[in-house]
Amino acid sequence: MPAASSIHFHSELPRFKLGKQRVLTQWLTRVITASKKEPGTLTFIFCSDDYLLDINIRFLKHDYYTDVITFDYSEKKIVSGDIYISIDRVKDNAEKQKSTFEDELHRVMVHGVLHLLGHTDKGKGKQAAMRKEEDKFLSLLS
């Protein structure tokens, strides 16, 4: 029997509201099932740079800003986890990449899911492979 899946979106920012939640839920579910896994419980937490920096310091012992931190609770083929995303970093990255905020947000969301699926971006070759996977799955988002 397949696992009960649920994808939740939570914002620690009073002025941020994620749109198209149903579409994004369907898309992220397709990303997981295309990887021959089953969606479990995923929670996306949208926050500020400072909020995510505090998590990075406390839990990962890294004292720098980042756009996404993923905590993996997956078991066997059931993909579950918490994905924290800094809206401040997404905005900055979108400007640097000459992309829209929405496109960059979707890239960071799928990046977090790819980590839950076992992909890594540590090392130059792996960064390029991760970007290729992001692009592949971004193309599924309609």
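The set of residues in the range 15-52 that are aromatic (F, W, Y) and either in a strand (DSSP E or B) or open to solvent by 20 Å² or more (accessible area, probe 1.4 Å) (or both) comprises F16, F44, F46, Y51. All of (1) within 22 Å of L140 (Cβ to Cβ); (2) surrounded by 15 or more Cβ atoms within 10 Å (Cβ to Cβ); (3) touching a helix residue (DSSP H, G or I) at 6+ places or on another chain (Cβ under 8 Å); (4) without any contact (Cβ under 8 Å) to a residue 40 or more places away in the chain hold for F101 with one exception: (2). Looking across the range 1-14, just one residue is under 19 Å from L114 (Cα atoms), part of a strand (DSSP E or B) and of a type in the set (S, T, N, Q), and that is S6. Can you spot a residue in the range 49-65 that is under 18 Å from E134 (Cβ atoms), out of contact with any Phe, Trp or Tyr (no Cβ under 6 Å at 6 or more places or on another chain) and modelled with pLDDT of 95 or more? No, the conditions are met nowhere in the range 49-65. When the range 53-72 is filtered for residues that are among the aromatic types (F, W, Y), surrounded by 12 or more Cβ atoms within 10 Å (Cβ to Cβ) and in a loop (DSSP other than H, G, I, E, B), only Y65 remains.
The values are calculated or read from the model by the stated rules, or taken from the named source; none is laboratory data. Treat the numbers as computed from the prediction; the structure is a model and nothing was measured. So basically every Cβ, Gly included, is an ideal-geometry build from the backbone, and we count neighbours across all protein chains shown. Heavy atoms of the whole protein, side chains included, go into the accessibility calculation; ligands, DNA and RNA do not. Shrake-Rupley method; radii C 1.70, N 1.55, O 1.52, S 1.80 Å.
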